[in-house]
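Asks: Here it is: the structure, laid out below.
The values are calculated or read from the model by the stated rules, or taken from the named source; none is laboratory data. As the structure is a prediction and not an experimental result, all values here were calculated from the model. Cβ placement follows ideal geometry from the backbone for every residue including glycine, while neighbour counts extend to all protein chains displayed. Only protein heavy atoms, including side chains, enter the accessible area calculation; ligands, DNA and RNA are left aside. Shrake-Rupley method; radii C 1.70, N 1.55, O 1.52, S 1.80 Å.
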Amino acid sequence: LAIKAGRVPDAWADKPEKLRQKDRDARWTLVYGKARLREDGTKHADIAIPVFGYKSHAGIDRRYGFIRTWAVTDASRHDGRILRRGLLDKSNTASTVWADSAYRSKANEAFMEKNGFRSQVHHRKPRGRPMAPHIRRGNASRSKVRAAVEHVFAQQKGAMGLFIRTIGLARAKVKIGMANITYNIRRLVWHERRQASA
């Protein structure tokens, strides 16, 4: 509780060598796996995986696939709040915002409308009720565009081997920022090779 409140626990205060090894900016969160249906139609139990660390948020250019804006927060921070804090770029090649349902809220929808963005954010499934067929179809068509963002994160985690082992938010921001720059350089090289071969 002391760490969440921004204080140093009493047991660590007089041990600077121990304090240096404690990441007081990172937080725990739970990542839920989607339960699949069994052959008889019943659902498996949802799996909750505890994760400690940081979260990378990125605004991707749909046309070229470059990372245009990014932010780093602790893992427990809600994605939707980051949208209004500089994740959207008015100089982007299009004004449409494609995002998953974590970014859908009344505040975000009002912010996008006020700032000239067109929302294509996924709709959430109503609690305790099945999703309407037309909303499911709309989400499926949005997913085809939004999937490009997942490719960026997959490239960073897979081919680039991005894993945060640093201590503190400032160092995590530098590491993720360098990974984003590296990704953009690789993307630029890919575009130039593709243009040269055309």
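Asks: If residue 23 satisfies all but one of (1) assigned to a loop (DSSP other than H, G, I, E, B); (2) open to solvent by 70 Å² or more (accessible area, probe 1.4 Å); (3) modelled with pLDDT of 85 or more, what's the number of the condition it fails?
Replies: Among (1) assigned to a loop (DSSP other than H, G, I, E, B); (2) open to solvent by 70 Å² or more (accessible area, probe 1.4 Å); (3) modelled with pLDDT of 85 or more, residue 23 violates only (2).
Asks: Follow-up. Show the residue pairs meeting these rules: Cβ distance below 8 Å; 6+ apart or different chains; first residue within region 44-70 and part of a loop (DSSP other than H, G, I, E, B); second residue crowded, with 16+ Cβ neighbours inside 10 Å and basic (Lys, Arg).
Replies: Between residues of region 44-70 that are part of a loop (DSSP other than H, G, I, E, B) and residues that are crowded, with 16+ Cβ neighbours inside 10 Å and basic (Lys, Arg), the close pairs are 61/68; 64/187; 65/187; 66/187.
Asks: Identify the single condition in (1) open to solvent by less than 60 Å² (accessible area, probe 1.4 Å); (2) more than 21 Å from residue 52 (Cβ to Cβ); (3) assigned to a helix (DSSP H, G or I) that residue 134 does not satisfy, given that it satisfies every other one.
Replies: Failing condition for residue 134: (1).
Asks: Could you list, in sequence order, all residues of region 129-171 that are of a type in the set (Lys, Arg), closer than 30 Å to residue 8 by Cβ and at pLDDT below 90?
Replies: First, pick out the residues of region 129-171 that are of a type in the set (Lys, Arg): 129, 136-137, 142, 144, 146, 157, 165, 171.
Then keep just the ones that are closer than 30 Å to residue 8 by Cβ; that gives 165, 171.
Passing the criteria: only 165.
Asks: Tell me which residues, restricted to region 10-54, are under 21 Å from residue 125 (Cβ atoms) and basic (Lys, Arg).
Replies: 34, 36, 38, 43
Asks: Name the residues in region 117-131 that are in contact with a Ser or Thr (Cβ under 9 Å, 6 or more places away or on another chain), open to solvent by less than 50 Å² (accessible area, probe 1.4 Å) and not β-branched (Val, Ile, Thr), would you?
Replies: Answer for region 117-131, where residues must be in contact with a Ser or Thr (Cβ under 9 Å, 6 or more places away or on another chain), open to solvent by less than 50 Å² (accessible area, probe 1.4 Å) and not β-branched (Val, Ile, Thr): 117, 119, 120, 122.
Asks: Name the residues in region 75-98 that are open to solvent by less than 20 Å² (accessible area, probe 1.4 Å) and part of a strand (DSSP E or B), would you?
Replies: 97 - this is the single residue of region 75-98 that is open to solvent by less than 20 Å² (accessible area, probe 1.4 Å) and part of a strand (DSSP E or B).
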